[in-house]
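Below is one structure, written out as structure tokens, with a few remarks after it.
Derivation of every value follows stated rules applied to the coordinates shown; laboratory data play no part. Since this is a predicted model, take the numbers as computed values, not measurements. Cβ coordinates were reconstructed from backbone atoms using ideal geometry, including for glycine residues, and neighbour counts include every protein chain displayed.
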Amino acid sequence: MIRKLLRSVREFRINSILAPIFVSMEVVMEVLIPFLTARLIDEGIDRGDMGRVLTYGGILIAFCAVSLTFGVLSGANAAKASAGFARNLRSDLFDSVERFSFSNIDRFSSAGIVTRLTTDVTNVQNAFQMVIRIAVRAPFMMIFSLVMAISTAPSLAWIYLTVVPILGIGLGFIMTRAHPVFKRVFKTYDKLNRTVQEDLRGIRVVKAYVREDREREKFGAVSEDIYRDFSRAARLIAFNAPLLQFCAYFCMIMVSWFGSRMIIQSGGVDFTTGNLTAMITYSMQILMSLMMVSMIFIMLVISRASAERIAEVLDEKPDIVSPEGAVTEVPDGSIDFDNVTFAYSDRSEKPCLDDVDLHIKSGATVGIIGGTGSSKSTLVQLIPRLYDVAEGSVRVGGIDVRDYDLKVLRDAVAMVLQKNVLFSGTVKENLRWGDPDATDEQIERVCRLAQAHDFIVAHPDGYDRMIEQGGANVSGGQKQRLCIARALLKHPKVLILDDSTSAVDTATDAKIRASFAADIPDVTKIIIAQRIASVEDADVIIVMDDGRIENIGTHGELLEKSPIYREVWETQKKGGALGE
Amino acid sequence: MNRGKRQGTPYDEKGKMKIDWGSFKRVLKYLSAYKLRLFVVALCILVNAIAGVIGSMYLKTIIDGFITPVLKDNMPADLAGLTGAILFLGAVYLCGVVATFFQNRIMVTASQGVLKRVRDDLFSHMQTLPIKYFDTHTYGDVMSRYTSDTDTLEQMLTQTLPEVLSSIIKITSTLVAMFIVSVPLTFVILTTVTLVMIFSRRIAGKSGRHFVGQQKALGDLNGYIEETVSGQKVVKVFNHEEATTDEFRRRNDFLCREATNAHKYANILMPIMGNLGHLQYVILAVVGGALAVGPGWLTLGAVASFLQLSKSFTMPINQLSGQINAFIMALAGAGRIFELMDEESEHDDGYVTLANVNIDENGVITESDTKTGKWAWRHPHGTGEVTYTPLCGKVEFFDVDFGYNEEKIVLHNISMYAKPGQKVAFVGATGAGKTTITNLINRFYDIADGKIRYDGININKIRKSDLRRSLGMVLQDVNLFTGTVMDNIRYGRLDATDGECIAAAKLSGADGFIRMLPEGYSTVISGDGSDLSQGQRQLLSIARAAVADPPVMILDEATSSIDTRTEMIVQRGMDALMKGRTVFVIAHRLSTVKNSDVIMVLDHGVIIERGDHESLIAQKGQYYQLYTGAFELE
């Protein structure tokens, strides 16, 4: 998993390698500096030798300068590497998402993808920066200090050799005990967030039913869980610092005791006071770096969850890809469903489409009618291969959709989704999604076809009017007409409108259909609608019920033979179709 | 989460850090619940710091007292004295270790306790906020106070505060020791430390400016991600992946540049501070040596011990400067938490309440302690007299004006009445004010002018919780809660039995699909019921209102996602549900509102037509045009 993520380092590999190298050199300097200050005291100050003081002072300043340079270089490289890594990771994630098919997106949910691209990447970025700096620094510091300490006084090495393993075992023991508790705490945190989120989204429901107290109770229970678990974990972690301090002090006392005796016994020849102070500094450094390691460990545990979530997206294989040697030309707009069966999930017991057989001629106008959950949308989403069939095949222009290059197929099959989305930008920018090179004349033409031109120019900014995110500043009917215009701009061979004129008034709806018939007669038009009026004059109308085609025929035929169609028609006639 | 829009960053526009002392005081107030424990903690920190200082000074004592005499003056080694000194040092250190242990353990309880209380208070207060607050703040913005802001506060309580305290103790005690050893050298060190601090503040400021930039760029990128990912299906249908990716890269690159700079300055701060510390050491050695060797103002031993002290002095200063950022950030987070807690709660001066009553054959109402199934408004008067008005569901508006803010009035002069049991419909374009009217009845918003009466009582006099309990609401966007289907229906009335919930589901036509779910009524709904279709969710929410059994119901586009055929099937249930209740219906589908007693046509906050279906059709006005499809709705 980690390796998978690290693949995104790419051009920042050099920075990622340089950062720990510079850190290591900085550490070398940092370890040598106390060695030199010991000399400065021993040979300079203690003897009152100003010359020596100045010499060692000079060398120290030079070392500081070098150490500073390395430190700054490592910091800058680490910043560049981690920010770059995050950039690439985000980019790779985004690329995978762009390759996702509809079913991939359904699996993760939009909110899940957004969290991975934002919060999770930030967590991993911070962890990465820490690893290439501190995680290198701490063990390196420990080893180097250990080497220096042992070379200064080989006979005292046993002190470290006993304390370090004891400390390691102690820290390991605490961490292994705390880890499961931490894991549980994270789960409880998710629960807390979920409770708050549900409360926020449903605040009107909460208030309308006067359920504030119940929500408080719910939240209080979760917050109590967090308090209990976190306190437990933190109480375990609280052993870390005193244990470390104990070991540090133990080392220092041992070093002082045996060190002083050695100085006294050898008469200050083999072992000097300067050596003694240096040894104590080294002891501190060793133990500080062990502390760092244990902290890094905690941080890595925390960021691990984020890394896993990111890897999930990177690992996800897009369900639908263009085949090799794909067909790059759609001959015409004929559509055939040959005994198609489809289910959104392998585990569903009942397929959404069950043995559908359907043949549509190029240039025909087809209406689809059916209740909620009758799989109308599912049926048409198979045509531009937004999902793949489970059994049977779907053909466009006589060729199986799975043999086409995806881009070619989707350019030829334009679809206006039920959930229309416009993006922030001008009207023109939104329309150009259909064709980036469209001229103003072409744009105006499709807008006239979709009956959108008049309301666009009615606004002072006309085609340059700004659309807010999600199309919040245009009415539902206007949004639908813009979406139709956008789809028309693709010059498709097949045009699918999935309940796309529901908010458009009947008169305009009729005008749109009339212009379709007059201006784009060769395009196969499939119209899903709730209103019978929208499909009444289609060449053929399909009545869907419960994943199957209940009946096919013209308006007149269906009134005769389809009870569902007749029922819907009668309620709508009663309910309001006065204008028809 | 749109971090770019969040208020209360620890930096002003120029990138200078500012400390939020007000929030600090409030954090202390929370901590004051643990006064005794904190006193012990402070004591432990003190003991620990002193143990540290004694430890670093005591080495000098050992060297001067037991080693130097042997080496320099050829005195016999005082091994017993040395052992005693070492044992003393050991005892001091042991005190330090024990102090650390207790400090950590006690701090865990105190800090986690404070965090729990902060969270509970935050959530509890959030429940009292008016709807207006939720209209003007994004979910992400509010959520972040529970997540990242609370996290930084935790960091501050468990790490920063104890470290700052111990650093301050260490700095003060070494400073005193340094003054005792040598006043001139102390001034030298104070000058250099000040210079280092000024320098580091400049770098920190630079880093701060870029952090602000980074947050902005991050907010910008996150906004773009949210927009494109939620519209991903459209992106696919239009083969627009490449263009979207190009724009994403542009913003992503910008963020990368800002982040690199922000972290660069933050990263180089530590090595700069550390090495300037070493430099200062050299300067002290040279100056001290010169003072000792030249005029002989100082002894060499004093210089050596001063040098030792200078290390004990700069280390906590470096630590402090490392913590100061965390401290300021945490206070900024705490500031955002308190900001929410300071938001004004919903006003409720209501004193008229709902009471269980018995009504005898003469219409005399007496209050009852037990559940009678009959309700009345209990109205205490200034005279001490209490009157009872039976709960019927009569709603009247008298010349009501309303605006979400003072400049823009969205409802003008609305007058209307609904007799108990009547069905009143609102029709009009998006933004005409239909939903707004219903939100005034349950006092989600308070009116600017005019009067609304419920059963003849001004709704401002009715306690909000009782007013809302007497109103059922079914909204277009259905919100479900994690739990079983049964739990979600029972949300309408917490003491409803399983039987009553199922009856309500049957009444609203939800029973059919619920039984098809894998575990029927015990099926657990998660993620706001995303597995259910919008139509099914609406049926559940109607069942939820049915179980509450209020005399007045508000149906705001409650059946918009149920197709006409299913709606027909549900219609019988809906009719049964509406029977005997005052119902306000908002629907975009005119067939849903056709059989209402009164239909109000709204346009820009004004009722332009009113009457029943037949009379409105006969008027041949706006309604007629809508009905015949000459106008588009929404």
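Helix A:50-99 versus the longest principal axis of chain A: what angle, 0 to 90°, nearest 10, using Cα atoms? Tilt relative to chain A: about 20 degrees.
Between A:His359 and A:Phe337, the built amide H atoms are under 5 Å apart, and every one of these is 5 or more places off in sequence or on another chain. Annotation: extensible slack from A:Ile2 through A:Glu316 equals 111.5 nm (criterion: 0.36 nm per residue apart, minus Cα-Cα distance).
Rounded to the nearest 20 debye, the dipole magnitude of the range A:335-579 is 480 debye, with +1 charges on Lys and Arg beta carbons, -1 on Asp and Glu beta carbons, and the Cα centre as origin.
Sorted fewest first by neighbouring Cβ atoms within 10 angstrom, A:Trp569, B:Trp377 come out as A:Trp569, B:Trp377.
Near B:Trp375, the amide H atoms lying under 5 Å from its own belong to B:Val357, B:Leu391; only residues 5 or more places off or on other chains count, and H is placed 1.01 Å from N. For the range A:355-447, GluC sites (Glu not before Pro) meeting the loop criterion (DSSP other than H, G, I, E, B) and having at most 16 other Cβ atoms within 10 Å: none. When peptides A:545-553, B:586-594 are ranked by their average number of other Cβ atoms within 10 Å per residue, the highest-first order is B:586-594, A:545-553. Take the alpha carbon atoms of the range A:1-47, find their center, do the same for the range A:82-141, and report the distance between the two centers in whole angstrom. Their Cα centres are 27 Å away from one another. Once divided by 2.2 N^0.38 Å, the Cα radius of gyration of the range B:74-142 becomes 2.50. The share of C-alpha pairs in the range B:395-627 whose separation exceeds 27 Å stands at 36 percent.
Within a 10 angstrom radius of the beta carbon, how do B:Lys461, A:Lys525 rank from fewest other beta carbons to most?
Numbers: B:Lys461 15, A:Lys525 23.
The order, fewest Cβ neighbours first, is B:Lys461, A:Lys525.
Applying D = kT/(6 pi eta Rh) to chain A, where Rh is the Kirkwood radius over alpha-carbon pairs, T corresponds to 25 °C and eta to 0.890 mPa s, the Stokes-Einstein value obtained is 81 µm²/s.
Close amide H pairs (under 5 Å, H built 1.01 Å from N) link B:Gly428 with B:Leu602, residues at least 5 positions away or on another chain. The tail of the calculated P(r) for the protein assembly as shown, taken as Cα-Cα distances beyond 62 Å, holds 27 percent of the pairs.
Whole-Hz Karplus values for the range A:230-238 come out as 5, 4, 4, 4, 5, 5, 5, 4, 4 Hz, taken residue by residue from phi with 6.51 cos²θ - 1.76 cosθ + 1.60 and θ = phi - 60°; glycine and proline positions read x. Separation of the range B:161-236 and the range A:356-371, taken as the distance between their Cα centroids, equals 66 angstrom. In plain terms, the residue of A:Arg47, A:Arg465 with the fewest other Cβ atoms within 10 Å comes first and the most crowded comes last, giving A:Arg47, A:Arg465.
Applying the Karplus relation 6.51 cos²θ - 1.76 cosθ + 1.60 with θ = phi - 60° to the range A:481-492 yields 3J(HN,Hα) values of 5, 4, 5, 5, 4, 4, 6, 5, 5, 7, 6, x Hz, where x marks Gly and Pro.
One quarter of the convex hull surface built on the alpha carbon atoms of the range B:20-170 amounts to 12.1 nm², the projected area averaged over directions.
Calculation over all alpha carbon pairs of the range B:192-305 in 10 angstrom steps from 0 returns a P(r) of 12, 24, 18, 15, 12, 9, 6, 4, 1 percent.
Note on the protein assembly as shown: dipole from Cβ charges, positive end direction compared against B:Ile359, B:Val181, A:Val457; the farthest Cα belongs to B:Val181.
Computed from backbone phi, the HN-Hα couplings of the range A:159-167 come to 4, 5, 5, 8, 6, 4, x, 4, 4 Hz, rounded to whole numbers (Karplus: 6.51 cos²θ - 1.76 cosθ + 1.60, θ = phi - 60°; Gly and Pro given as x).
Calculate for the protein assembly as shown the 222 nm mean residue ellipticity that helices alone would give, adding -39,500 (n - 2.57) per DSSP H run of length 4 or more and normalising by residue count, nearest 500 deg cm²/dmol. Let's see the in-between values first.
Values: 42 runs with 726 residues, N = 1214.
My calculation for the protein assembly as shown gives -20000 deg cm²/dmol from helical runs alone.
When the alpha carbon gyration tensor of the range B:276-350 is reduced to an equivalent ellipsoid, the three semi-axes, largest first, read 54, 11, 8 Å. Residue by residue along A:403-416, Cβ atoms of other protein chains within 10 Å of the local Cβ number 2 on average. The distance linking the range A:278-295 with the range A:415-468 is 66 Å (Cα centroid to Cα centroid, whole angstrom).
For the protein assembly as shown, the dipole from Cβ point charges (+1 on Lys and Arg, -1 on Asp and Glu) about the Cα centre works out to 4340 debye, to the nearest 20.
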